[in-house]
Structure formats: structure tokens, C-alpha cells
Amino acid sequence: MAFIRIKKIKGLEYYYLVESQWDPHKKISSQHIIKYLGNAKNVNIDDIPEKHKTNPKILSILALNSKIQQEKNLYLADLKDQVFEALKNGEINKILIIADTFIKQSNLSEFYDLILKPVMHKVGNLWEMNELDISTEHVCSNIANEVIHLLNGGRKKIHKGDKVLICTPEGEIHGLPCKVLESVLIAEGIDVVNLSPSVPTTSVLECMVESNPCILLISVSFSENLGSALRLIKKIECHSNIPLILGGSAVDNMDTVEIDRIMSRSHSLHVIKGTTLEKVVNTIQTLIKDTKSESTVIHRVRR
């Protein structure tokens, strides 16, 4: 009979649909994976093959998982409310206590994805609707930046020699998403050069020569800056074959056709849309491994 096997990786649970099979020759039972179901929090009955949907053991696991996720959602909603109020009041220590407690139960990437990022989106939306004054918005942004800085400082860094350059195109004034990504990459032992927010294209190119990164990541928050990002990508590709990653809120709002069109015009671009920090880091780590067997040449740029 099939059942769900749970595997825990870095504090996260992943589900596998497996079946025990008896080997008459070896006289032992071994597990055969029928299907990888993914992160436990996202698994539901639709992920189960039709022939196993009435399996009582599987239904029991899914029912328990659903209850756990409902409780977790209430828990996260409460934490987000606490962090939002702490940001407005400048209570850094309160946020750090929440972060440390949460990270011990989960991980740093999920703290950013599930708590800090949604809260900062709420801050931005309230400001756009004139329900939050500009001074409070600035306080929230400054405190969020300081929280990220302090979380980085309190973690042991084991550098593996890999280096990633993060930047934004000219005109892009939002640097917080880049600081969040920098934070999780540092926690993974990856050296980071963070040029955000906006710097001239020539400065990005010169920094590439000086720091010799194995990957360059461009973050774009506003759609009106996508043109600037594409011009930056074209300029970089004239001087280097370094793998490029394009991501950010502006990319999340693009449709598949537009993304395909952009990628068809580039020989080294990877576009990341609407995903978790964990998956972004995994993509970067995979690209780092791929580039170690290739030589990346960067030509010095004359001003």
C-alpha cells in the first residue's frame, strides 16, 4: 500500500508518495518513490494520483497537514501584525526577537518571504493609498534595513569563494529587495557585492572587472525601469559571457510571452519570476556550479 514519506531539509518538510515493495530474492522490503509531491505546505489532494486518492493513510496525512497549515497561517498573520507595528514604532529589538524565534523554527529565507516582505508590501500599499504618511514609511524602511543588517551581523559566515554581484538598473531607487537577497546568500556562504540602488552602467561594468563575480543579478521593482535593465544587460553582454539573472517585482508582473521575447534576445540571461528566496538561491547555486567549469572573460571598460 502507498503512503506519504516525510523528508525534512533545512527545517522544511517535503512529501514523497512511496510504496513498499517486497524483494523475494533478498527477502527484504524496499521503498519505491511513486511521485515527489513537493513542499508539504503546498501539497493537497489534487497532487495525489487518482488511484491513491482514497487511501486512508494518505487522506489522514493531508487532513492533518491542512489543519497545521491553517494554524500556521494564523500564527504568521499575528507575527506580521506584530512586525508591522514594531516597524512603525521603531522597535528594532522586538523585530529581532521575533526573527530569531521564527528562524530557529524555520529558516532565514522564510522569515523574509513570509513575514518581512509581505509587511513591507503592506507599508508601500498603505503609503500609495495615503493611509500612511511619508515619514512613517521612511521609518519602516529604515528599520527594515537595519534589521537585515543586524541579522547578517549575528550570523557566522563561511565563505566558499563564490561571488555574486547584485545591482539595479539606473533609475531604480529600491535597494531593500537586494539587501534581502544579499542576506540569504551570505547565510549560504556566498560572497556578495551589492551595488544597489541605482548606479551608472559604467560603474557596474567596472565593478565586474574589479570583483570578478561568477554571476550578476539585476533586480527591478518598477516596470518603468525594465527598459533601463534591458539596456544594462545588452551592455554587459558586449563585454562578458557571465550568467545574468533578472528578477524583482517588475518581472513578476510580466507575462510569459514578454519574458520569452526578452530571453530570446540574450545569450546569457535567466529570468526568475514569482518564486521564493529559497528557489532563487538554489538557481544561483546551480549556476555557480555550472560556471566553475567555464571561463568567464570580462573586458575592461573605458569611460
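The values are calculated or read from the model by the stated rules, or taken from the named source; none is laboratory data. The shown structure was predicted, so the numbers you read here are calculated from the model rather than taken from an experiment. All Cβ positions, glycine included, derive from the backbone under ideal geometry; neighbour counts span all protein chains shown.
With touching a strand residue (DSSP E or B) at 6+ places or on another chain (Cβ under 7 Å) and either part of a helix (DSSP H, G or I) or touching a residue at least 24 places away in the same chain (Cβ under 8 Å) (or both) as the only criterion, which of Tyr36, Tyr112, Tyr15 stands out?
Tyr15 is the lone residue from the list that is touching a strand residue (DSSP E or B) at 6+ places or on another chain (Cβ under 7 Å) and either part of a helix (DSSP H, G or I) or touching a residue at least 24 places away in the same chain (Cβ under 8 Å) (or both).
List the number of the failed condition for Ala63; all other conditions in (1) in a helix (DSSP H, G or I); (2) touching a His at 6+ places or on another chain (Cβ under 7 Å) hold.
Evaluating Ala63 over (1) in a helix (DSSP H, G or I); (2) touching a His at 6+ places or on another chain (Cβ under 7 Å) leaves (2) as the failure.
Counting only residues that are under 18 Å from the mean Cα position of the chain (by Cα) and closer than 20 Å to Cys178 by Cβ, how many does region 85-102 have?
1
Taking Ile166 as meeting all but one of (1) surrounded by 13 or more Cβ atoms within 10 Å (Cβ to Cβ); (2) out of contact with any helix residue (DSSP H, G or I) (no Cβ under 7 Å at 6 or more places or on another chain), write down the number of the exception.
So the condition that Ile166 fails would be (2).
Could you tell me which residue of region 115-143 is nearest to Asp81 (Cα to Cα), considering only residues that are over 21 Å from the mean Cα position of the chain (by Cα), part of a helix (DSSP H, G or I) and charged (D, E, K, R)?
The residue in question is Glu137.
Results for (1) hydroxyl-bearing (Ser, Thr, Tyr); (2) surrounded by fewer than 11 Cβ atoms within 10 Å (Cβ to Cβ); (3) under 26 Å from Gln69 (Cβ atoms), shown as yes or no for each residue.
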{"site": "Ile4", "(1), (2), (3)": "no, no, yes"}
{"site": "Ile9", "(1), (2), (3)": "no, yes, yes"}
{"site": "Val18", "(1), (2), (3)": "no, no, yes"}
{"site": "Trp22", "(1), (2), (3)": "no, yes, no"}
{"site": "Gln31", "(1), (2), (3)": "no, no, yes"}
{"site": "Ile34", "(1), (2), (3)": "no, no, yes"}
{"site": "Ile45", "(1), (2), (3)": "no, no, yes"}
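What number of residues within region 183-202 satisfy the criterion of being out of contact with any Cys (no Cβ under 8 Å at 6 or more places or on another chain) and in a loop (DSSP other than H, G, I, E, B)?
Qualifying residue count for the region: 5.
State all residues of region 39-60 that are assigned to a helix (DSSP H, G or I) and of a type in the set (D, E, K, R); if no residue qualifies, say none.
Passing the criteria: Lys41, Asp46, Asp47, Glu50, Lys51, Lys57.
For region 23-59, give me each residue that is under 15 Å from Lys7 (Cα atoms) and among the hydroxyl-bearing types (Ser, Thr, Tyr).
Answer for region 23-59, where residues must be under 15 Å from Lys7 (Cα atoms) and among the hydroxyl-bearing types (Ser, Thr, Tyr): just Tyr36.
Out of the residues in region 26-56 that are over 11 Å from Tyr16 (Cα atoms) and hydrophobic (A, V, I, L, M, F, W, C), which is modelled with the lowest pLDDT?
Out of the qualifying residues, it is Ile28.
Any residue in region 162-173 that is closer than 30 Å to His239 by Cα, modelled with pLDDT under 95 and assigned to a helix (DSSP H, G or I)?
Within region 162-173, none of the residues are closer than 30 Å to His239 by Cα, modelled with pLDDT under 95 and assigned to a helix (DSSP H, G or I).
Determine whether region 243-259 contains at least one residue that is out of contact with any Asp or Glu (no Cβ under 9 Å at 6 or more places or on another chain), buried (at least 19 other Cβ atoms within 10 Å of the Cβ) and of a type in the set (Val, Ile, Thr).
Checking region 243-259: at least one residue is out of contact with any Asp or Glu (no Cβ under 9 Å at 6 or more places or on another chain), buried (at least 19 other Cβ atoms within 10 Å of the Cβ) and of a type in the set (Val, Ile, Thr).
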